[in-house]
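First comes the structure, then the notes that go with it.
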Amino acid sequence: MDWRIQGSGVRFLCDEMLHRLGRWLRGAGYDTVIAEGGDPDGVLLARALADGRKLLTRDRAILQRKRANEVVVMLNSDAVRAQAGFLGQTLGVDWLLDPFSRCMVCNTVLTPAAPEMDRMVPARIRDQGVPIHFCPGCGRLYWPGSHESRIRATLLDFARASGR
Ligand SMILES: [Zn+2]
């Protein structure tokens, strides 16, 4: 089966065991829902089919279910870097697709922060005139800094693990 994807149209649903991977997918710019703990397999599968999302899971039992082959992507490693590399190699996930376009915490698309929000940002950042982004979903502010450069370094490492 050819699971390879084109562009950024692909969307994901991660089971709760893969929440770290899910946050990184958001960080790379992919629309990713992370399941709440305790959702049964049938609920996850139905949601993935209804939303047109790839269902990322470590749970092999789900493969027994009808239509699982349409959406389920089985991950065989517990290590996030290996999972990331697998998605890059098999699905063509681009870890450098559009970093910082989406909130890693709640999956909402970020917008430029309004000028009146600037006062919530440390003055040393504000004075640099760097772009500041706002999450309309959870209210977080994002700006270039040491945290952001660490995230970029990890995404770059995932891209390398994907052989890109
Ligand atoms: Zn958010």
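Nonpolar atom fraction for the chain, defined as the carbon and sulfur part of the 1.4 Å probe accessible area, stands at 50 percent.
Given the stretch 6-164, report the % of alpha carbon pairs whose separation exceeds 18 Å. Distances greater than 18 Å cover 61 percent of the Cα pairs. Counted residue by residue at 0.36 nm each, then reduced by the alpha carbon distance between them, the extension gain from residue 124 to residue 157 reaches 9.0 nm. Comparing 139, 85, 22 in a Gaussian network model of the chain, where Cα atoms under 10 Å apart are tied by springs, the biggest mean-square fluctuation is seen for 139. Helix 19-28 and the longest principal axis of the Cα set of the chain meet at an angle near 60°. Could you give the distance between the Cα centres of the stretch 136-164 and the stretch 90-131, to the whole Å? Computed from Cα coordinates, the inter-centre distance equals 10 Å.
Between residue 51 and residue 114, the C-beta separation translates, for a Förster distance of 25 Å, into a calculated FRET efficiency of about 0.25.
The loop-placed trypsin sites (Lys or Arg not before Pro) in the stretch 26-116, going by DSSP, that have at most 16 neighbouring Cβ atoms within 10 Å of their Cβ come out as 58, 65, 66, 67. Averaged over its residues, the chain has an accessible area of 53 Å² per residue, based on protein heavy atoms and a 1.4 Å probe. Is any residue of the stretch 130-164 close enough, with backbone N under 14 Å, to a label point placed 7 angstrom from the Cα of residue 106 along the Cα-Cβ axis, and if so, which? So the set is 134-142. Look at the alpha carbon pairs under 8 Å that are at least 6 residues apart: their mean separation over the length of the chain gives a relative contact order of 24 percent. Rounded to 0.05, the FRET efficiency of the residue 78 and residue 140 pair, given R0 = 30 Å and the Cβ-Cβ distance, is 0.60.
Distance between the 7 Å Cα→Cβ label points at residue 58 and residue 17: 0.6 nm. Of all the options 104, 17, 117, the one that moves most in a Gaussian network model of the chain with Cα springs shorter than 10 angstrom is 117.
The values are calculated or read from the model by the stated rules, or taken from the named source; none is laboratory data. Given the structure is predicted, the values throughout are model-derived calculations rather than measurements. Every residue, glycine as well, gets a Cβ built from its backbone with ideal geometry; the counts of neighbours run over all protein chains shown. Each accessible area value is taken on the protein alone, full model and side chains, heavy atoms only, with ligands, DNA and RNA left out. Shrake-Rupley method; radii C 1.70, N 1.55, O 1.52, S 1.80 Å.
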